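Colleague: Quick one: this structure, given as C-alpha cells, is what I'll be asking you about.
The values are calculated or read from the model by the stated rules, or taken from the named source; none is laboratory data. Model, not experiment: these values are computed from the prediction. Cβ placement follows ideal geometry from the backbone for every residue including glycine, while neighbour counts extend to all protein chains displayed.
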Amino acid sequence: MSAHYPIFLVVAPLMAALVIAIIARERPGLCPPLAAIALTASLWSAAGMLCRVLAEGPFSYHIGNWPPPMGIAYEVDHLNALVLVAMAAVALINLITTRQAVASDFTGREGYFYALYLLFCAGTFGILVTGDAFNLYVLLEITSISGYALVGLGHRDAALASLNYVFMGTIGASLYLLGVGYLYLITGTLNMADIFSILPRLFGSKVVVAAFVIAMTGLFMKMALFPLHGWLPNAYSEAASPVRSLIAPLTTKTMIYVMVRLGLYVFPPDFTFNHLLFAKVVVWVAAAGIVCASVLALSQTSLRRMLAYVLIAEVGYMVGGFWLGNRMAITGAILHIVNDAAMTLCVFLAVGSFTHQLRDDRFATLKGCFRRMPWTMVVLATAGLSMIGVPPTCGFFSKWYLIGGALTADHWGLVAALIFSSLVNAVLFFRVFEIAYYEPFADPHQEHRPALSYAEAPATMLAPMLFTAAGLVGLGLLTGRIVTHIIDAAIPAAIL
Amino acid sequence: MKRLGLLAVILFGALLVYGTTDFPDWGDPSSPAATHLSPYYIQHSLHDTAVPNIVTAVLADYRGYDTMFETAVIFTAGLACLFLLRVFITPKETEASGLYRHRATGITLRIGQGGRLPLGTREFERIDSQWVPYDLIIRTACSLVLPFIQLFALYVVAHGHHSPGGGFQGGVIFGAALILFAISHNLRTTLKAMPEKRTNILTGTGVLIYVGTGVLCLLLGGQFLDYAALAGLLGVDPVMARSHGILIVEIGVAIAVMAVMVSLYYNLASAGHMDEGL
Amino acid sequence: MNTLLTLKPLLALLPPLGLPLILSSCRSPNVREAWTFGAALTMFAVIASMLPAVWAGQCLEFTLVQVLPEVSIAFRVDALGLLFALVSSSLWIVTSLYSVGYMRGLNEHSQTRYYSFFALSLAAAAGVAFSANLLTLYLFYEMLSFATYPLVTHHQDQEARSSGRKYLLYILGASIGLVLPAMLIVFHLSGTLDFTAGGILAGKAGTGQVTVLLVMLIFGFAKAAVMPLHSWLPAAMVAPTPVSALLHAVAVVKVGVFSVLRVITGIFGTGLLAELNLGTMVAAIAAVTIVAASLIALSQDGLKRRLAFSTIGQLSYIVLGAALLSPSGLTGAMLHIAMHAFGKITLFFCAGAIFVATGKKYISEMKGIGWRMPLTMGAFFIGALSVIGLPPCGGFISKWHLVLGTLEADQIVFLWVILFSSLLNAAYFLPIVYQAFFCHPEESLFERQVQEAPRWCIVPPLFTAAVSVILFFHPQPFLHLARMATRHILGGF
Amino acid sequence: MTTAGYINLIIAKYNYWIYIVLMCIGLWAMIAKRNLIKKIIGMNILQTAIILFYVSIATKKGATLPILGHHDAGHFVDYATVINPLPHVLMLTAIVVSVATLGVALALAMKIYNRYDTLEEDEIHARVRES
C-alpha cells in the first residue's frame, strides 16, 4: 500500500468526486462524509509520503509502469511532501469546518459543491506531486476550472468576478503551456528532471530565456503577484465563504510552489538566479507589490476585501524571498508557503464564521464581537498576530527567514517592504480588533449595558477553527525541525 | 488602459519573436523535439502496446495519466456548468407555466405562473416560447442521418487503434448527434430520449471506467494504469492487455465526453431550466 | 558561573497562566480573586525559591523548544533577571489586594477580563525577566504589549479608544519597525542571539552598524519611554489605577528599561560600547529625557499625568546608569528598577485611593486633603521622598550609586543632570504634599465627611511605603543581586 | 545578417510567425475588447494559437502520419519518416481543456447576462456601481 501513496493521494479525491457527482441528487446526505473520508485518505497518504521521504529520501512513482521520460512520473521529495501535508490538512479542515455554511450557501447543490471541491483538491495535490511539466498543466486546469465554478456561485457579483478570473487564469495557464512548449521544442522532453539535465548545455539559447520568462510570467499571473493581481480581490471577496477559505490558502500557494519547483528543479538554479536580470527585477517588483498591496488593504471596508489585499502582499513575500536566491531567503519562501496556507485558512475560517453567524463581515457589523463571538475572535486574533508576525506564531518565523535572507542579499528594499507590511498588518488587524472590542457604551460604569446577543458559531465549526489557531503556534514552535529536517534537504546544496 | 494593453501585447510579441529566432527550422527532422523522446514512441509503441496508431498508444498508455485528467477536466466542466446554471427548483407536473398547443386544433395557450393545464396533458403539447415553425424536412432528414452519425461515432471509438480516432473524437461525434437531435426537434424531446439524470450518471461513469481501470491495475499488483497487470484477467499476454486496456479506457472517455457534451448543451441552451431552449 | 538546568524558570511563568481558573469562576468574584491571589503567591514563592541558588552564584537554565536551528526559546535566571522578577511578582501580590479594593470600590465592569489579562501581563513580564536570548525576550515583550491593551482601554470609551491607539501605535510600531529588524541584523552579523556577558557583536560589526543598531534598539523598546517615544505613557493613564500602578510604574515600563539593560550588557557588551564611545551618546539621550520629562511634569495638573512624566524621567535614570558603563552606574541602574518601583507604586496607589474616596483627579483640587486622608497622604509623602531620592528611603541608595557611577565614568556633566533633575523631582512632588497638609483651613476644599478610602485601598500603599523605608536600611537582597549582576557583566572588578 | 538571411529566417519558420500573430490577436482581444463574448473569443484564439505552435513542432519535412502498419512490427521504423506524435497527444488534451474553459466561461457569461441584462463591460460596471 505505502508504495502507492503518491497515486492514492490524487485518485482518492478524484474517485470520491465521481461517486459524489453520481449520487449528488439522490443521496446528498452521503456526500460530506464521503468527501471527508477521501480527504482523510489523501492526508494520510501525504503524511505517509513525508515519513518515507524523511526516512529514505526522495522517491518516484512511475504511472503505467513506464519509466520517465517516456511515461509520467510522480516525484516525491522533501519540498512537495512538506507542502502536500499542509495542503491536504488545510483542505480537510476546511471541509469539516464549513459543513453548515455549505448547507446554507449551496442549498440543493451541496453534492455538486463537494464534487467540485474534491476535484479542486485532486488537482492541487496532483500539481504538487507531479514530475511532468505538461501533466502539471492539465492538473492546473482541473484546479482552475473547478475553482472558477466554485467562485462563480457566490455573492452578488460573483459571476463577473469569476469570469474575470477565468480570463486572467487562462492567460496565465496558456503562458505556462507556451513556456513548456518552448522547453519541449528545445529539449525534446517534458519530464522535469530530464529537462533539468539537458538545459545546462543550452544556456545560451534565446528559446530557453523566452521559455523561462513566459512560463514565470504565466505563473505570476496565476499567483496574483502585483501588478498582475487584478482578478484576486474580487474573486476572493465575491466567493462564498466555504469556497474562499478553500481557494485562498490553496491556489496562490500552489502556484508559488510551482514557481519554486520550476526555478530550482526545472531550470538550474544558476540559470534562474544569475543568468538573467530577471531575478533582480522580480525582487523589486515583489517589494513594490508588498508596499502597494498593503496600502490598498488599508482602504478596504470589509474584512474579506482587506484580507484579499493582505494575501497579495503575502504573495510578494514569497516571490521576493524566492528570487533573492540565497538559502535563507528560499527557506523563508518555502516555509511561508506552509505557514501562509495555515494562516490564510485560519483567518478565512474566522471570516466565514462571521458571515455565517452575522450574515455580513463589514467592519461596522463587527462591533462588540469580542463579546458576541469570543472564540471566533480568539481565532481571528491568533491569525492576525501571525500575519503581523508576532512570535511564537508561525508568521513570525517565516518572516524571520525572509528578512534574514534579504539581509544576506543586502537587499534593503525588500527588508523595508517586509517591515512596512508588518506594520500595516498591525494597523489593519488592530483596527479590526478595536472595532470588535469597543461596544456602543453609553457610560463605562453603567451596570446594565445594551445587551448584544451572544452569537458564537456552533461547536462543530469552532473546534476545527481553534485547532487551526493552535496549529499556527504549533507550526511556529516546530519551525526549527521543519527547517533542519525538511527544507534544508529540499533546497539544492549548490545554493548557499 | 488600452495603451498599456497594447504595450503589453507588443512586448509579449517581441519576446516571442526573440525566442523564435533561435528555433530550429520548421519541419526540421533533426530538431531536439524530433530526436530526443519521440523516436522512442515511434520505434517502440507497436512493440510495447500492439497499437499501430502511435498517437493512441501515447495518449492512452504512455501518457494515459494525462488523458485521465483530461477526461476529468471535461467532467469538471460539465459539473461546473451544472453547478453554475442549473435551477433546481422544479415546478410540479400540474403547475406548468409556458406555451401549450392543442394537438388537434393548433390553438396555442399561454399559462402563467402557478397555472394549471385546462385538460389532461395528452391533448396539449408544450411548445417553446420562441416558437419555431414545425419543419418536416429538417426533422426527417436529421432523424435519418442520426443513426449513421452514431454508428460512425462508434466506429471512430473502436477503430482508434488503427486509424485516427479514439474516445474523444468518437464521444464528441456521438454528443454532436444528440445535440443535432435536440436542435432539429426540441429540448424536451431530447430530454425524454436522454434524461438529464442519465447524462449525469454517464458523465461520472465514463470517468469512473477510466479511473477504475487504473485502480484495478493497482489492485492486481501493477502500478496505477499499468494495463499489463490486466493480462491475467483478460486472458491475453501483457502486450495485448495494454491494447485492450487502451480500448477500455477509450470507451470510458467516449461515454464521458458524449455525456458532458450533451449536459453542457442542456444547461447552456436552457439556462439551467431544462424546459426549453434553442 | 555554574549553570543549573531546571524547570523552575518555566514554573515561574505558569501560575499566572492559570487563566482558565480565573475565567471559569467569573460568576463568583470571591473565588476568582482567590485564584488571583493563589497565582500571585505561587509565582512569588517559585521566584523566591530560586534566590538561594542565584545567590550562590548559579545560573538556572531551561530550554523550552529549539524553535530555529540556531535560536531557541530558552530561559535563564541570573541575578539581574531575578531582581526584576522579584520586584514585579512581589508587587503583584500587593496590587491584587489593591485591585480588589479599587475595582469593587468603583464597581467596575468586566472584572474577570481585568484579572485575567493582569495575570497574563505578569507572566509576560516574568518571561522577559528570565529570557536567555533576544528572541525569547521579544516574544514576551510583544505578549506583554497585547496583554496590557485590554487593561489600558478597560473603560472602553472614546478616551480609552484614542489612548489605546496611541499605546499600540508607539509600542507595537517601535517593536516591529525597529526591534525586529535590529534583532535580525544582529543575528545576521553574529549568528546568535544569546545574551552573553561580553556582548555578541564585538568584532563582528562596524562602528556605523553598531551605532545604528543601538539607536534602533534603545528607541525600539518604546516601553522604556525614552523621548521622543514617550507620549504613550501619559496617554495610558486612562487605565484603572491599579493598572497604572503595577504596569506603568513597574511591569511594563520596567520591561522596557530591562530590555535596554539586557541589550546594552548582553548584546553589545559594555566593552564594545566603551571602545566605540557610544555609551555617552545613549547617556546624552537619556539625560535629555530626564530633564525634559521633569520639566513637563512640573506643568501637569492631573496627578496621574504628573506621575507618568515623573516615571518617564526616572526610567531614563536607569538607561543613563547603564549607559555610563561603570560598575556603580550599572549597579545603580539595576537598583533603581527596584527602588523606583516601590516608590512609584506607592504614589499611584495613593492617587487611586484619593480617586476612590473623593473622585478627584487634579492636583489643584486636592488642597487640604492631607487632614482628611492622613494615612494616604503620609504614604504619598514617603513615596515621593523615595522617588526624589532622599533618605530615609530606598530611592536614595540607587541614586547614590548612580552618582557614584558618573564619577567613576568621569562624566561630571551627568552628575549635574542627576542632581538638577532631583531638584526638579522635589519641585513637582513636594508642593502636592505641602498643599495637602499646610493650607489654611478656609482654603481647604474638603468637607469633614470625606474619609479614607476603603481598607484594601489603604493597606497596600502603607505597606509599599514601609518597604521603601526598610529598603533604605536593608537594601541587601536587591543590592547584592545588583552587585552580582554587575560583577558578572563586567567580568569581575 | 543579409537581406537574404532575413528572408530565409522568415520563410524557414513561417508557421511560428503565424502563431505569434494569432497569439497577439487573441491577447489583444482579451485586453481591449469591452464585450465579454468577444473576450471569450479572444481567449479561444489565444489557446488555438498555442495548439498551432505545438503542432508545428511535430512536423518533419517529408514524414508521414504516426500510424504504423502491421508490417512495421518486428523492426525499428526510421523515425525521420514519421512525424512526432507527442505534440499531437498533448494538443488533444489542450483542445479538451480549451473546450472545458469555454464551457465554463459561457456559463458564467450567461449568469452575468441574466443579472445585468448586458454583456458590455462598461455597462456592467455602471450597474455594479449603482447597486
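Colleague: Filter region B:45-86 down to the residues that are more than 20 Å from D:Val96 (Cβ to Cβ) and either under 22 Å from the mean Cα position of the chain (by Cα) or assigned to a helix (DSSP H, G or I) (or both), then identify the one that is farthest from the other protein chains (Cβ to nearest Cβ).
Modeller: B:Thr49
Conditions (1) more than 10 Å from chain A (Cβ to nearest Cβ); (2) not in a loop (DSSP other than H, G, I, E, B); (3) not charged (D, E, K, R), marked per residue:
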{"residue": "C:Ala125", "(1), (2), (3)": "yes, yes, yes"}
{"residue": "C:Ile176", "(1), (2), (3)": "no, yes, yes"}
{"residue": "C:Gly198", "(1), (2), (3)": "yes, no, yes"}
{"residue": "C:Gln209", "(1), (2), (3)": "yes, yes, yes"}
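Colleague: Looking only at region A:55-102, count every residue that is charged (D, E, K, R) and free of Cβ contacts under 8 Å to residues at least 40 places away in the same chain and tell me the total.
Modeller: 1
Colleague: Taking C:Glu159 and the conditions (1) touching a Pro at 6+ places or on another chain (Cβ under 7 Å); (2) surrounded by fewer than 24 Cβ atoms within 10 Å (Cβ to Cβ), which numbered condition does it fall short on, given that it satisfies the others?
Modeller: (1)
Colleague: Could I ask something else about it? Can you go through A:Gly169, A:Gly179, A:Gly111 and tell me which one is farther than 30 Å from B:Thr21 by Cα and in a helix (DSSP H, G or I)?
Modeller: Exactly one residue qualifies, and that residue is A:Gly111.
Colleague: For residues that are more than 7 Å from every other protein chain (Cβ to nearest Cβ) and within 18 Å of the chain's Cα centre (by Cα), scanning just region A:133-153, find the one that is farthest from B:Ala72 (Cα to Cα).
Modeller: If we take residues in region A:133-153 being more than 7 Å from every other protein chain (Cβ to nearest Cβ) and within 18 Å of the chain's Cα centre (by Cα), then A:Val151 is farthest from B:Ala72 (Cα to Cα).
Colleague: Now for a separate question. Is it the case that B:Gly170 is touching a Leu at 6+ places or on another chain (Cβ under 9 Å), of a type in the set (Gly, Ala, Ser), more than 14 Å from chain A (Cβ to nearest Cβ) and on the phi < 0 side of the Ramachandran plot?
Modeller: Yes; evaluated as a whole, the condition is true for this residue.
Colleague: Answer with yes or no whether D:Val89 is assigned to a helix (DSSP H, G or I), within 7 Å of chain B (Cβ to nearest Cβ), hydrophobic (A, V, I, L, M, F, W, C) and over 13 Å from the mean Cα position of the chain (by Cα).
Modeller: So D:Val89 passes the test.
Colleague: Next question, about the same structure. Among the residues of region C:39-93, write down those that are within 24 Å of C:Met339 (Cβ to Cβ) and assigned to a strand (DSSP E or B).
Modeller: C:Val77
Colleague: Of everything in region A:265-301, what is surrounded by fewer than 23 Cβ atoms within 10 Å (Cβ to Cβ) and within 25 Å of A:Ile142 (Cβ to Cβ)? Give them in sequence order.
Modeller: A:Tyr265
Colleague: Looking at region B:191-208, which of its residues are in contact (Cβ under 8 Å) with a residue 40 or more places away in the chain and away from every other protein chain (no Cβ under 12 Å)?
Modeller: B:Leu191, B:Met194 - these are the residues of region B:191-208 that are in contact (Cβ under 8 Å) with a residue 40 or more places away in the chain and away from every other protein chain (no Cβ under 12 Å).
Colleague: I've got another one for you. If a residue counts only when it is touching a residue at least 40 places away in the same chain (Cβ under 8 Å), under 16 Å from B:Pro24 (Cβ atoms) and not basic (Lys, Arg), which helices (runs of 4 or more DSSP H) contained entirely in region D:1-69 have at least 1 such residues?
Modeller: In region D:1-69, D:14-32, D:36-58 are the helices (runs of 4 or more DSSP H) which contain 1 or more residues that are touching a residue at least 40 places away in the same chain (Cβ under 8 Å), under 16 Å from B:Pro24 (Cβ atoms) and not basic (Lys, Arg).
Colleague: Looking at region B:21-35, I want the residues that are closer than 16 Å to D:Tyr14 by Cα and have a partner that is among the β-branched types (Val, Ile, Thr) and part of a loop (DSSP other than H, G, I, E, B) with Cβ atoms under 8 Å, at least 6 apart or on another chain. Which pairs are those?
Modeller: What qualifies is B:Trp26/D:Thr59; B:Gly27/D:Thr59.
Colleague: Separate question: If I go through region A:236-264 residue by residue, how many of them are more than 15 Å from A:Val351 (Cβ to Cβ) and of a type outside the set (Phe, Trp, Tyr)?
Modeller: 14
Colleague: Still on this model: So which residues in region A:154-167 are surrounded by fewer than 24 Cβ atoms within 10 Å (Cβ to Cβ) and facing another protein chain (nearest Cβ under 9 Å)?
Modeller: A:Arg156, A:Asp157, A:Phe167
Colleague: Would region C:355-368 turn up any residue that is crowded, with 24+ Cβ neighbours inside 10 Å, out of contact with any strand residue (DSSP E or B) (no Cβ under 8 Å at 6 or more places or on another chain) and in a helix (DSSP H, G or I)?
Modeller: No, every residue in region C:355-368 fails to be crowded, with 24+ Cβ neighbours inside 10 Å, out of contact with any strand residue (DSSP E or B) (no Cβ under 8 Å at 6 or more places or on another chain) and in a helix (DSSP H, G or I).
Results for (1) among the small types (Gly, Ala, Ser); (2) assigned to a helix (DSSP H, G or I), shown as yes or no for each residue.
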| position | (1), (2) |
| --- | --- |
| A:Val209 | no, yes |
| A:Ile214 | no, yes |
| A:Phe226 | no, no |
| A:Ala235 | yes, yes |
| A:Leu246 | no, yes |
| A:Tyr265 | no, yes |
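Colleague: Among the residues of region B:156-166, is there at least one that is touching a residue at least 40 places away in the same chain (Cβ under 8 Å), over 24 Å from B:Asp275 (Cβ atoms) and out of contact with any strand residue (DSSP E or B) (no Cβ under 9 Å at 6 or more places or on another chain)?
Modeller: Checking region B:156-166: at least one residue is touching a residue at least 40 places away in the same chain (Cβ under 8 Å), over 24 Å from B:Asp275 (Cβ atoms) and out of contact with any strand residue (DSSP E or B) (no Cβ under 9 Å at 6 or more places or on another chain).
Colleague: As an exercise: evaluate B:Val211 against (1) within 14 Å of chain A (Cβ to nearest Cβ); (2) under 15 Å from the mean Cα position of the chain (by Cα); (3) surrounded by 18 or more Cβ atoms within 10 Å (Cβ to Cβ); (4) of a type outside the set (Asp, Glu) and give the number of the one condition it does not meet.
Modeller: Just one mismatch for B:Val211, condition (2).
Colleague: Same structure, new question: Please specify each residue of region D:70-86 satisfying the condition of being modelled with pLDDT of 85 or more and in a loop (DSSP other than H, G, I, E, B).
Modeller: Matches in region D:70-86: D:Ile83, D:Asn84, D:Pro85.
Colleague: Go through (1) touching a helix residue (DSSP H, G or I) at 6+ places or on another chain (Cβ under 8 Å); (2) more than 20 Å from A:Gly181 (Cα to Cα) and name the single condition D:Thr81 misses.
Modeller: Failing condition for D:Thr81: (1).
Colleague: Could you list all residues from region D:74-96 that are farther than 15 Å from B:Tyr40 by Cβ, without any contact (Cβ under 8 Å) to a residue 24 or more places away in the chain and hydrophobic (A, V, I, L, M, F, W, C)?
Modeller: Within region D:74-96, D:Leu92, D:Val96 meet the criteria.
Colleague: Residue under question is C:Phe380, and the condition is that it be surrounded by 23 or more Cβ atoms within 10 Å (Cβ to Cβ), aromatic (Phe, Trp, Tyr) and within 21 Å of C:Val243 (Cβ to Cβ); does it hold?
Modeller: Spelling it out, C:Phe380 is indeed surrounded by 23 or more Cβ atoms within 10 Å (Cβ to Cβ), aromatic (Phe, Trp, Tyr) and within 21 Å of C:Val243 (Cβ to Cβ).
Colleague: Filter region A:23-57 down to residues that are surrounded by fewer than 21 Cβ atoms within 10 Å (Cβ to Cβ) and among the β-branched types (Val, Ile, Thr) and give me whichever is farthest from the chain's Cα centre (by Cα).
Modeller: Only one residue tops the list, namely A:Ile23.
Colleague: Here are some residues: A:Val390, A:Val432. Which one is farther than 20 Å from A:Lys367 by Cβ, modelled with pLDDT under 90 and of a type outside the set (D, E, K, R)?
Modeller: A:Val390
Colleague: Please verify whether region C:80-97 includes one or more residues that are within 14 Å of chain A (Cβ to nearest Cβ) and either farther than 19 Å from C:Thr192 by Cα or hydroxyl-bearing (Ser, Thr, Tyr) (or both).
Modeller: no
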